[in-house]
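A.B. asks: Have a look at this one before I ask anything.
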Amino acid sequence: MSLNTIDPAEVAKFEAMAAEWWDPAGKFKPLHMLNPCRLGYITTQIAAEFGRDLTAALPFKGLRLLDIGCGGGLLSEPMARLGAAVVGADAAARNIPIAQLHAEQMGLEIDYRNCAAEDLAKDGEVFDVVLNMEVVEHVPDPQAFLTACQGLLKPGGLMICSTLNRNPKSFMMGIIGAEWVMRWLPKGTHDWSKFITPDELYTMLEAAGLKPVDRKGMVFNPINWNWSLSDRDLSVNYVTASVKPG
């Protein structure tokens, strides 16, 4: 496996948590809570870009989709249910059999692979959609990683990329709140210095040869205990959509 865009220390963190991917009360509780918000954004963007009707049966049929950094398959599975041909790739080897077993139990066919983005590129793989969710803040060279992902998109293809902003509020919410106080994640899961501002991400996406077309904040409401999208508040978690010209 190519290690150009892989940080072995980051991989080891998620290897250690692999068995808990599908436990909604376990170490991936934040992702389970965030998932409906993420899915709402992803499905809306894909439908808009490819002219799909989300009320139809299998609206994403005919689209080939890569979930890079797929973990246990929390996004791969709903994409497969919507009809996409899904490849789930993750650098953490222990995640793959867990994802495969769960998909099998759900009666879903998903092509899970233990590999990096560059490995797929070397094999000439191309996709209509790349989901790049909460990964870019864990790689040693975000620009190289985003460029590798761009190479996996067909002309006219869509990449959805989410990450964490870098500011005092994100340190309080993403590190102190999530890891130290709420203990939603093990301490050390995130490195605040690796967080990326929306403007920095837009610059990197453009340098990778992509055209950013949208960005939204994902905001947690501690009263309702849920997540929602925001046009204005990108201060902590946020998500972007970008298109490969062609």
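A.B. asks: Val130: at pLDDT 95 or above, surrounded by fewer than 20 Cβ atoms within 10 Å (Cβ to Cβ) and β-branched (Val, Ile, Thr), yes or no?
C.D. replies: Answer is no for this residue.
A.B. asks: Could you tell me whether any residue of region 215-237 is under 30 Å from Asp123 (Cα atoms) and modelled with pLDDT of 95 or more?
C.D. replies: No: zero hits.
A.B. asks: Within region 73-105, how many residues turn out to be of a type in the set (A, V, I, L, M) and surrounded by fewer than 21 Cβ atoms within 10 Å (Cβ to Cβ)?
C.D. replies: Number satisfying all stated conditions: 4.
A.B. asks: Looking only at strands (runs of 3 or more DSSP E) that lie completely in region 67-175, which have at least 3 residues being more than 23 Å from Pro8 (Cα to Cα)?
C.D. replies: Working: elements: 85-89, 111-113, 127-133, 153-164.
The qualifying strands (runs of 3 or more DSSP E) are 127-133, 153-164.
A.B. asks: Do we have any residue at all in region 75-92 that's aliphatic (A, V, I, L, M), touching a Pro at 6+ places or on another chain (Cβ under 9 Å) and at pLDDT below 95?
C.D. replies: Taking every residue of region 75-92 in turn, at least one turns out to be aliphatic (A, V, I, L, M), touching a Pro at 6+ places or on another chain (Cβ under 9 Å) and at pLDDT below 95.
A.B. asks: Restricting to region 106-133, name every residue that is touching a residue at least 40 places away in the same chain (Cβ under 8 Å) and over 19 Å from the mean Cα position of the chain (by Cα).
C.D. replies: Answer for region 106-133, where residues must be touching a residue at least 40 places away in the same chain (Cβ under 8 Å) and over 19 Å from the mean Cα position of the chain (by Cα): just Lys122.
A.B. asks: Considering only region 189-246, state which residues are part of a helix (DSSP H, G or I), closer than 26 Å to Asp128 by Cβ and open to solvent by 40 Å² or more (accessible area, probe 1.4 Å).
C.D. replies: Of everything in region 189-246, those that are part of a helix (DSSP H, G or I), closer than 26 Å to Asp128 by Cβ and open to solvent by 40 Å² or more (accessible area, probe 1.4 Å) turn out to be Tyr202, Thr203, Glu206, Ala207.
A.B. asks: So Asp111 passes all but one of these: (1) open to solvent by less than 10 Å² (accessible area, probe 1.4 Å); (2) modelled with pLDDT of 90 or more. Which condition number does it fail?
C.D. replies: So the condition that Asp111 fails would be (1).
A.B. asks: What are the residues in region 209-244 that are of a type in the set (A, V, I, L, M) and touching a residue at least 24 places away in the same chain (Cβ under 8 Å), if any?
C.D. replies: Leu210, Val213, Met218, Leu229, Leu234, Val236, Val239, Ala241, Val243
A.B. asks: Let me ask another. Can you report the number of residues in region 218-236 which are under 19 Å from Glu137 (Cα atoms) and of a type in the set (Phe, Trp, Tyr)?
C.D. replies: So the count comes out to 0.
A.B. asks: I'm checking my understanding of the structure. Among residues of region 1-46 that are open to solvent by less than 20 Å² (accessible area, probe 1.4 Å), small (Gly, Ala, Ser) and more than 21 Å from Asn224 (Cα to Cα), which one is modelled with the lowest pLDDT?
C.D. replies: Ser2
A.B. asks: When you look at Leu158, is it surrounded by 20 or more Cβ atoms within 10 Å (Cβ to Cβ), at pLDDT 75 or above and closer than 24 Å to Ala48 by Cβ, yes or no?
C.D. replies: Spelling it out, Leu158 is indeed surrounded by 20 or more Cβ atoms within 10 Å (Cβ to Cβ), at pLDDT 75 or above and closer than 24 Å to Ala48 by Cβ.
A.B. asks: Can you name every residue in region 47-72 that is touching a strand residue (DSSP E or B) at 6+ places or on another chain (Cβ under 6 Å) and open to solvent by less than 30 Å² (accessible area, probe 1.4 Å)?
C.D. replies: Leu63, Leu65, Leu66, Asp67, Ile68, Cys70
A.B. asks: Given the criteria at pLDDT below 75, within 21 Å of Ser230 (Cβ to Cβ) and out of contact with any strand residue (DSSP E or B) (no Cβ under 9 Å at 6 or more places or on another chain), does Trp184 qualify? Reasoning before the result, please.
C.D. replies: On the way: at pLDDT below 75: yes; within 21 Å of Ser230 (Cβ to Cβ): yes; out of contact with any strand residue (DSSP E or B) (no Cβ under 9 Å at 6 or more places or on another chain): yes.
Answer is yes for this residue.
A.B. asks: Output yes when any residue across region 67-83 is without any contact (Cβ under 8 Å) to a residue 24 or more places away in the chain and not aliphatic (A, V, I, L, M), and no when none is.
C.D. replies: no
The values are calculated or read from the model by the stated rules, or taken from the named source; none is laboratory data. What you see is a predicted model, and the numbers here were worked out from it, not measured in a lab. Here the Cβ is made from the backbone with ideal geometry for all residues, glycine too, and neighbour counts use every protein chain on show. Ligands, DNA and RNA are stripped out before the accessible areas are found, and what is left, the full protein with its side chains, is counted by its heavy atoms. Shrake-Rupley method; radii C 1.70, N 1.55, O 1.52, S 1.80 Å.
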